[in-house]
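The values are calculated or read from the model by the stated rules, or taken from the named source; none is laboratory data. Quick caveat, the model's predicted, so the values are computed rather than measured. Cβ sites come from the backbone with ideal geometry, for glycine too, and all protein chains shown count toward neighbours.
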Protein chains: 2
Amino acid sequence: MAAPIPVDAKALADMALFASLPVPVRAAAAAMAGARTVARGVRIFDQGERAGRAHALLSGCVRITQSGSDGEEGLVRFIGPGEIFGCVPVLTDGLYPADATAMVDAVELSWDPADLLALMQRHSQIAINMVAIVGKRLGEAQERLRELATQRADRRVARTLLRLLDQAGRRTGDGVQIEFPLRRKDIADIAGTTLHTVSRIIADWERRGLLVTRHRHLVIRSPDRIRAIADAPGN
Amino acid sequence: MAAPIPVDAKALADMALFASLPVPVRAAAAAMAGARTVARGVRIFDQGERAGRAHALLSGCVRITQSGSDGEEGLVRFIGPGEIFGCVPVLTDGLYPADATAMVDAVELSWDPADLLALMQRHSQIAINMVAIVGKRLGEAQERLRELATQRADRRVARTLLRLLDQAGRRTGDGVQIEFPLRRKDIADIAGTTLHTVSRIIADWERRGLLVTRHRHLVIRSPDRIRAIADAPGN
């Protein structure tokens, strides 16, 4: 673990958890937070472990994965700058439900769970913001479940890319780049299909000029055409 | 719609949304709520419609279903007594994300979204309770997603039954009954498999004495043996 980093209240201004809050409240939350750099590949917390801290990401990205009793590991989501992770256990069973691993060098903030809970009790807007964040994630998970049951793999992959664009898209010269360094296997996990199927679909879309892979990043050259695939009639 | 029913604060005592709250706060929430009976089969709200009310169930059960742009409908969850539904849109985009239909004659409470939001602002514990409720549902959805990607259908059906037992199990003379009137198709939707597969698995378990169907209700005679199937090694 690197040396502690001072936390500036401005760093919290772009976080959905602290939206619509007066500056002094953000300052109080910043004063309670600890910040640290996390090197690429470092495990931030382990599934099943007592949730000793509640986390948010300042920069970089984090992969959240979950294993079942059978040991099979699946990707749950990516966390980008400004997003919280490992915070819900503060209000439920106190155990991390998944593993969190830095995908690139990252800077995270974290709070003592009791401090975050006290902040939420004192400032209901923080709790209300958290309902909105968790509610949005629930909506996405339910959408994925429905898609898994009813849609063709290429539509599910298209929808997965659109959701990642929405979460972490950055406009470049020739399209919109997804800021997470994506493995084909990650896309397969989110879309609920096999590595083989995803590789075939992505290769086809690359050939057709819809996207291009650049240094482990996908650049979507034509989001509209990906959207057309996602919305295509039939299964 | 039937005539309005007076709402007693005691009715709110068993709701997770109002847990750990002083009696006067529950009384205030009760005073703001409207109650009505809903006959079996009646649609309570429609997907995509403006969320004009935030809902909770006093008795009966409600089926939440969601359709995609392709028109395919899937079951999202069952709502039992004491549970909230159609409340998250108050804090997100203001639109119901799914349809809600009474599965049996039911009594529901509902609030004006602005009233519920004001309650949450004034009493942060209500917002905190809502994070815990939505967070638990998110955890379940993620578990289902992981299972879909990695597990055999019989294990997924077993896990589906265990989750329903946990949500709505009532001990009877010869086992534990799931209080929701379940169609085989509902179980298939939740477990992410086909009606045909579920019918085959349930028939097999009936033959082996693990469960019995009684007036549209499943009675699990041996939860331990269902749990053993859910936890069986291998996929």
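Are there strands (runs of 3 or more DSSP E) fully within the stretch A:121-235 with at least 1 residues that are farther than 23 Å from B:Ser67 by Cα and within 14 Å of chain B (Cβ to nearest Cβ)? List them. I'd like the intermediate steps shown before the answer.
Working: elements: A:169-172, A:175-178, A:211-214, A:217-220.
Strands (runs of 3 or more DSSP E) meeting the threshold: none at all.
Counting residues in the stretch A:3-19 that are small (Gly, Ala, Ser), out of contact with any strand residue (DSSP E or B) (no Cβ under 9 Å at 6 or more places or on another chain) and either farther than 21 Å from A:Ile79 by Cα or modelled with pLDDT of 95 or more (or both) gives zero. When A:Glu72 is tested against (1) without any contact (Cβ under 8 Å) to a residue 12 or more places away in the chain; (2) under 25 Å from A:Val131 (Cβ atoms), only condition (2) is not met. Only one entry of B:Ala106, B:Ala141 meets the criterion of being over 23 Å from A:Ser20 (Cβ atoms), aliphatic (A, V, I, L, M), in the same structural domain as B:Ala19 (by TED's automatic domain parsing) and touching a strand residue (DSSP E or B) at 6+ places or on another chain (Cβ under 6 Å), and that entry is B:Ala106. Filtering the stretch B:218-235 to residues that are surrounded by fewer than 17 Cβ atoms within 10 Å (Cβ to Cβ) and more than 15 Å from B:Asp166 (Cα to Cα) leaves B:Arg225, B:Ala228, B:Asp231, B:Ala232, B:Pro233, B:Gly234, B:Asn235. When the stretch A:85-115 is filtered for residues that are part of a strand (DSSP E or B), surrounded by fewer than 22 Cβ atoms within 10 Å (Cβ to Cβ) and within 14 Å of another protein chain (Cβ to nearest Cβ), the ones remaining, listed by number, are A:Leu95, A:Asp99.
Do the conditions hold for A:Gly74, that is, is it in contact with a helix residue (DSSP H, G or I) (Cβ under 7 Å, 6 or more places away or on another chain) and within 29 Å of B:Arg159 (Cα to Cα)?
On the way: in contact with a helix residue (DSSP H, G or I) (Cβ under 7 Å, 6 or more places away or on another chain): yes; within 29 Å of B:Arg159 (Cα to Cα): yes.
Yes: the conditions hold for A:Gly74.
Restricting attention to the stretch A:215-235, does a residue exist that is among the polar types (S, T, N, Q), in contact with a Ser or Thr (Cβ under 8 Å, 6 or more places away or on another chain) and touching a residue at least 40 places away in the same chain (Cβ under 8 Å)?
First, the residues of the stretch A:215-235 that are among the polar types (S, T, N, Q): A:222, A:235.
When the remaining residues are screened for being in contact with a Ser or Thr (Cβ under 8 Å, 6 or more places away or on another chain), the result is A:235.
Pick out the ones that are also touching a residue at least 40 places away in the same chain (Cβ under 8 Å) and you get A:235.
For the stretch A:215-235, residues among the polar types (S, T, N, Q), in contact with a Ser or Thr (Cβ under 8 Å, 6 or more places away or on another chain) and touching a residue at least 40 places away in the same chain (Cβ under 8 Å): present.
Scoring B:Ser124 on the criteria (1) surrounded by 18 or more Cβ atoms within 10 Å (Cβ to Cβ); (2) in contact (Cβ under 8 Å) with a residue 12 or more places away in the chain leaves a single failure, condition (2).
Kindly indicate whether any position in the stretch A:204-218 is out of contact with any His (no Cβ under 8 Å at 6 or more places or on another chain) and under 25 Å from A:Ala149 (Cβ atoms). Yes, there is a match, as at least one residue in the stretch A:204-218 is out of contact with any His (no Cβ under 8 Å at 6 or more places or on another chain) and under 25 Å from A:Ala149 (Cβ atoms).
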